[in-house]
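Data first, discussion second: the structure below is written as C-alpha cells.
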Amino acid sequence: MHLRLDREIPPPHRKDALLLGGIGLTVLALARFFPWEALPSFCTFRNVTGHPCPGCGMTRAWVFLSHGEVADAIQMNPFGSFL
C-alpha cells in the first residue's frame, strides 16, 4: 500500500472526480425543488397508530440544534434534543 501526499489528482482520476462532482451538484439541485411533503410517511409505527414514534423528527431536531435553534429542536422531538 502506498500513501501519496500529492495535492493534485492524477490525470486518469480527474474525469471520475468531475463526473462524481457533477452528479452530486445535479442531485442537490433536484433535491432543492423536489416536493418532499408529498411523499408518504415511511414510519411503520406512525402509519399503524397515527401517532409519531420516539424517533420521528429526531434528525430535524439535531439539525435545529446544530443551528442553535433550541426551541424548534424541542418542538420537533424532545427526546432527540435531549440526546
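The values are calculated or read from the model by the stated rules, or taken from the named source; none is laboratory data. Because the structure is a prediction, the values reported are computed rather than measured. When we count neighbours, we look across all protein chains shown, and the Cβ atoms used for this are built from the backbone with ideal geometry, even at glycine. Accessible surface is based on the protein model in full, side chains and every heavy atom, while ligands, DNA and RNA are left aside. Shrake-Rupley method; radii C 1.70, N 1.55, O 1.52, S 1.80 Å.
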Legend entry - Accessible area (Å², 1.4 Å probe, nearest 10) - HIS67: 130
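List the chymotrypsin sites (Phe, Trp or Tyr not before Pro) within region 8-83 that fall in a DSSP loop (any state other than H, G, I, E or B) and whose Cβ has at most 16 other Cβ atoms within 10 Å.
Filter output for region 8-83: PHE42.
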Inset, instruction - Could you state how much accessible area MET76 has, in square angstrom rounded to the nearest 10, with a 1.4 Å probe and all protein chains kept in place? - result: 70
